[in-house]
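Report on the following structure.
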Amino acid sequence: MEPFVLHNKPTEPALLLLESWCNQIPGLTAGFSSKIGGISAGPYDSLNCAFHVQDRPEDVIKNREMIANSLQIPFEAWTCAEQVHSNHVVVVTEALRGKGRLTRESAIQDTDALITNIPNVWLTSFYADCVPLFFVDPVQRVIGLAHAGWKGTVTEIAAKTIEAMQSTYHSNPADIRTAIGPSIGSCCYEVDDHVMKHVVSLADTFNVTEHDAPIYIAKSNGKYMLDLKQFNRHIMIKAGILPTNIECSTWCTSCHEENFFSHRRDQGKTGRMISWIALEKG
């Protein structure tokens, strides 16, 4: 069953909720935005949430506020990073709450993963094909988000995030639940040897069985179709996450043009969706 369920109300932004988490973990909200229901124009039509794509800043802020209102989360809690395809994890303190919500320059710099145990801090990150990774430890009441393109994936940002949750908040990997959100699928993500040399060296360390979906498939033209979702799943398992605690979306951002921006499909001129996660005080 698809874990990210699309809610498309005529007068609100269309959002995909991670429903099992939201229903099972008290005070939690988590999900992924679509491109539907905002006010941006042109190639950013219509729910673009990122400043760096040259959209009108006032439209980006309005789109963000509309999502906050729809989720009934204070916009002041919106906290985000300036993503650089790294594996750098930052612990979000009360002092960092709200960073990046109004300007790109005020975001947490050079960071692709955020974790916190502070209630009412709304972690967000931005996507147009890369893989959103969600983390929650319901025992220690810790949440996290990671942005995983191919560079972040092969440098194991998923494992780095789990390690940071362990070292900072004493999370037990067996308690951590993870989710892999909508992103470009292996149906649309063709890569070359430059990427695959990194993929293969890491994939060789996984305990892949005949029952697992393939991480990549070789094509006759010397290219490969890469499944970044499965790749990140195996990294999570290697880091100690129980396979039964991993949710994985089937949505492909490139295939579903009606719902999502896609950097590859739209040849770079496009908007960005967000992933989000927040916990109210328990």
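FYI, it's all coordinate maths here, none of it is from the lab. Keep in mind that this is a model prediction, so the values were computed, not measured. Positions of Cβ are backbone-derived with ideal geometry, glycine not excepted, and every protein chain shown enters the neighbour counts.
With both labels modelled 7 Å from their Cα along Cα-to-Cβ, the HIS170 to LYS219 distance reads 5.1 nm. Counted by neighbouring Cβ atoms within 10 Å, the residues GLU82, GLU280, GLU210 run from fewest to most as GLU210, GLU280, GLU82. Protection proxy ranking for 125-136, 228-239, 192-203, 252-263, using the average of other Cβ atoms within 10 Å per residue and placing the highest first: 125-136, 228-239, 252-263, 192-203. Determine the shape class of region 211-282: with a ≥ b ≥ c the square roots of the Cα gyration tensor eigenvalues, call it rounded for a/c under 1.5, and otherwise prolate if a/b is greater than b/c, oblate otherwise. In terms of gyration-tensor shape, oblate.
Ordered by the number of other Cβ atoms lying within 10 Å of each residue's own Cβ, fewest first, VAL191, VAL139 fall into the sequence VAL139, VAL191. Expressed per residue, the C-alpha convex hull volume of the chain stands at 123 Å³.
Descending by average beta-carbon neighbour count within 10 Å, the peptides 147-155, 37-45 line up as 147-155, 37-45, the highest first.
In this structure, the amide hydrogen of SER171, modeled 1.01 Å from its nitrogen in the peptide plane, lies closer than 5 angstrom to those of GLN166, counting only residues at least 5 positions away or on a different chain. With both labels modelled 7 Å from their Cα along Cα-to-Cβ, the HIS256 to ASN69 distance reads 2.5 nm. Based on the Kirkwood radius over alpha-carbon pairs, what is the Stokes-Einstein translational diffusion coefficient of region 147-250 at 25 °C with 0.890 mPa s viscosity, in µm²/s? For these conditions, the coefficient is 172 µm²/s.
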